[in-house]
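Novice: First the structure, then my questions, so here it is.
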Amino acid sequence: MAIQFIDLKAQYQALKQDIDARIQRVLDHGQYIMGPEVTELETRLADYTGASHCITVASGTEALLISLMAIDLKPGDEVITTPFTFVATAEVIALLGAVPVFVDIEPDTCNIDASKIEAAITAKTRAIMPVSLYGQPADMDEINEIAARHNLVVIEDAAQSFGSEYKGRKSCNLSTIGCTSFFPSKPLGCYGDGGAIFTSDPNLAKACKEIRVHGQEKRYVHSRIGVGGRMDTIQCAVVLGKLERFNWEIEQRLKIGARYNALLKDKVQIVTQRNDRTSVFAQYTVIIENRAAVQEALKGQGVPTAVHYPVPLNRQSAYAGLSRVSGAVTHSEWMADRVMSLPMSADLDESQQEEIVHRIIETLSKD
Ligand SMILES: *Cc1c(COP(=O)(O)O)cnc(C)c1O
């Protein structure tokens, strides 16, 4: 069988009965917007992470945007983040007229370097937005400590890390606010767009809920500016179905990631995993030279790969005049030229994985 980069079909086949039944129930009760599955999912996910509140929203991007609106981010304010991420992280900051301030990553984990954050703080800084890249949380204790000293909010961009743990606590519940995405290929995905915000602060939870429906306090009473940011009932039903074997999937992801590590670590540079946290491997990523040629050779042998991400955000033209770089971001730029993600999903079987590794090692040795 051909190797899939992410095998969503195998997952659906395993869960088909339950997911189909849940979708059918929504079609039968007809509450397509804010139906009972929405609250059911919010309760389940809040329990899972340990956060007091979960607010489902239209996407991961919307989760980040609504969070920033909930803390009342103003034009000219600054938010410290990493340039080595998906564009949405910085996009929502710029969309509100605020300034993304880029701090470099650690050269081994690819996550924001907490030791460089304090130098980026100014009188205009309002928040720090670390990204749990590829599924592994950043140094959240250190980041929370810096934030507390400077009265800043920490928003974890956990779009890739739902299910990961940091010092025994779940991603999305590691700081004031955590945001995740249910984009189909994420560790917990739906069959369209979806996302969620997590917080244990009741005022922020209330603000997020209101902003999600046009800043509506009650029907037709608008005390703040909001968005149309709800997640559809059918998509919530799909995520509820996915939860049926989510714990098994997380175990599989950890196992497959550990196996990749063991098989590859002496052959190629890999992203370092810290001992006090896990990664759910939204991506399994290696660091290589001559990437384009290696990708092409692997493609010819039926091994799909991808790049997350080829251009650091400080180099994107849209952000040229709207962002600021604090210090140098040389590690981010170096990584952007060399990272390559390998096939990864809970349904990837051992023989397929060995095949992938075998072909990578063979390709690199010919280089
Ligand atoms: C996927 C992703 C997002 C955006 O999520 P969507 O649901 O696609 O809007 C934001 N940040 C990171 C790091 C992501 O990987």
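The values are calculated or read from the model by the stated rules, or taken from the named source; none is laboratory data. Remember, predicted model here, so these are calculated numbers, not experimental data. Here the Cβ is made from the backbone with ideal geometry for all residues, glycine too, and neighbour counts use every protein chain on show.
Novice: Regarding residue 365, is this residue free of Cβ contacts under 8 Å to residues at least 12 places away in the same chain and farther than 15 Å from residue 5 by Cα?
Specialist: For residue 365, the condition - free of Cβ contacts under 8 Å to residues at least 12 places away in the same chain and farther than 15 Å from residue 5 by Cα - is met.
Novice: OK, next. Can you tell me which residue in the range 315-338 is nearest to residue 110 (Cα to Cα), limited to those that are assigned to a helix (DSSP H, G or I) and among the charged types (D, E, K, R)?
Specialist: 333
Novice: Of the numbered conditions (1) buried (at least 19 other Cβ atoms within 10 Å of the Cβ); (2) over 14 Å from the mean Cα position of the chain (by Cα), residue 169 satisfies every one except a single condition; which is it?
Specialist: Only one criterion in (1) buried (at least 19 other Cβ atoms within 10 Å of the Cβ); (2) over 14 Å from the mean Cα position of the chain (by Cα) is unmet by residue 169, namely (1).
Novice: So which residues in the range 344-367 are out of contact with any Asp or Glu (no Cβ under 6 Å at 6 or more places or on another chain), buried (at least 21 other Cβ atoms within 10 Å of the Cβ) and assigned to a loop (DSSP other than H, G, I, E, B), if there are any at all?
Specialist: Within the range 344-367, 344, 348 qualify.
Novice: Could you pull out the residue among 263, 240, 204 that is touching a residue at least 60 places away in the same chain (Cβ under 8 Å), touching a helix residue (DSSP H, G or I) at 6+ places or on another chain (Cβ under 8 Å) and over 30 Å from residue 12 (Cα atoms)?
Specialist: 204
Novice: While we're looking at this one, here's another question. Please list, ordered by first then second residue, the pairs with beta carbon atoms under 8 Å, 6 or more apart or interchain, first in the range 51-62 and in contact (Cβ under 8 Å) with a residue 12 or more places away in the chain, second surrounded by fewer than 24 Cβ atoms within 10 Å (Cβ to Cβ) and hydroxyl-bearing (Ser, Thr, Tyr).
Specialist: Cβ pairs passing all conditions: 51/200; 52/200; 53/200; 54/43.
Novice: Follow-up. Could you tell me which of the residues 60, 76 is within 16 Å of the ligand (Cβ to nearest atom), outside the structural domain of residue 359 (by TED's automatic domain parsing), under 30 Å from residue 127 (Cβ atoms) and in contact with a strand residue (DSSP E or B) (Cβ under 8 Å, 6 or more places away or on another chain)?
Specialist: 60
Novice: Could you list, in sequence order, the residues of the range 85-99 that are more than 10 Å from the ligand (Cβ to nearest atom) and of a type in the set (Val, Ile, Thr)?
Specialist: Those that are more than 10 Å from the ligand (Cβ to nearest atom) and of a type in the set (Val, Ile, Thr): 93, 99.
Novice: Write out, first by first residue and then by second, each pair whose Cβ atoms fall under 9 Å of each other, whose residues are 6+ apart or on separate chains, and whose first residue, in the range 161-189, is not assigned by TED's automatic domain parsing to the domain that holds residue 71 while the second is in a loop (DSSP other than H, G, I, E, B) and among the aromatic types (Phe, Trp, Tyr).
Specialist: none
Novice: Now a separate question. Quick test of your reading of the structure: residue 233 fulfils all but one of (1) touching a residue at least 40 places away in the same chain (Cβ under 8 Å); (2) in contact with a strand residue (DSSP E or B) (Cβ under 7 Å, 6 or more places away or on another chain); (3) in the same structural domain as residue 185 (by TED's automatic domain parsing); (4) of a type in the set (Ser, Thr, Tyr). Name the failing condition by number.
Specialist: (2)
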